[in-house]
Amino acid sequence: WDTWGGTSRSAPVAAAATALVYQSYRQNVGAVPAGFYQTAKEILKSSSEDLGYDSLIQGGGSVDAAAA
């Protein structure tokens with residue numbers, strides 16, 4: 001690989017981006033409602049960058065925390 005990848009990279013990046021989504025929601029709306037994890041997941045998936053690979057290879061794509 002030319003770049004570092006796989007679950008060793010994706011898990012911490014996704015966790016950090018999720019934390020940013022929660023923080024942004026809390027700052028803009030107030031308290032985070034119960035069950036927000038599903039909404040956060042949808043936000044992350046809808047704002048990810050399609051890398052052009054099969055979904056079994058890339059999953060939802062590359063996380064774009066700024067877009068999320």
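The values are calculated or read from the model by the stated rules, or taken from the named source; none is laboratory data. Predicted model only: the values in this text are computed from it and were never measured. Here the Cβ positions follow ideal geometry from the backbone for every residue, glycine too, while neighbour counts run over all protein chains shown.
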Odd one out for D2, checked against (1) modelled with pLDDT under 90; (2) surrounded by 12 or more Cβ atoms within 10 Å (Cβ to Cβ); (3) part of a loop (DSSP other than H, G, I, E, B): (2)
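When only residues in the stretch 42-51 that are of a type outside the set (D, E) and either in contact with a helix residue (DSSP H, G or I) (Cβ under 8 Å, 6 or more places away or on another chain) or touching a residue at least 60 places away in the same chain (Cβ under 8 Å) (or both) count, which is farthest from A17 (Cα to Cα)?
We begin by selecting, within the stretch 42-51, every residue of a type outside the set (D, E); these are 43-48, 51.
Okay, now just the ones that are also either in contact with a helix residue (DSSP H, G or I) (Cβ under 8 Å, 6 or more places away or on another chain) or touching a residue at least 60 places away in the same chain (Cβ under 8 Å) (or both), so 43-44, 51.
Numbers: I43: 10, L44: 8, L51: 18 Å.
Selected residue: L51.
Quick grid of which residues meet (1) exposed (fewer than 14 other Cβ atoms within 10 Å of the Cβ); (2) not in a loop (DSSP other than H, G, I, E, B):
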| site | (1), (2) |
| --- | --- |
| S10 | no, yes |
| V13 | yes, yes |
| V21 | no, yes |
| Q27 | yes, yes |
| E42 | yes, yes |
| K45 | yes, yes |
| G52 | yes, no |
| A66 | yes, no |
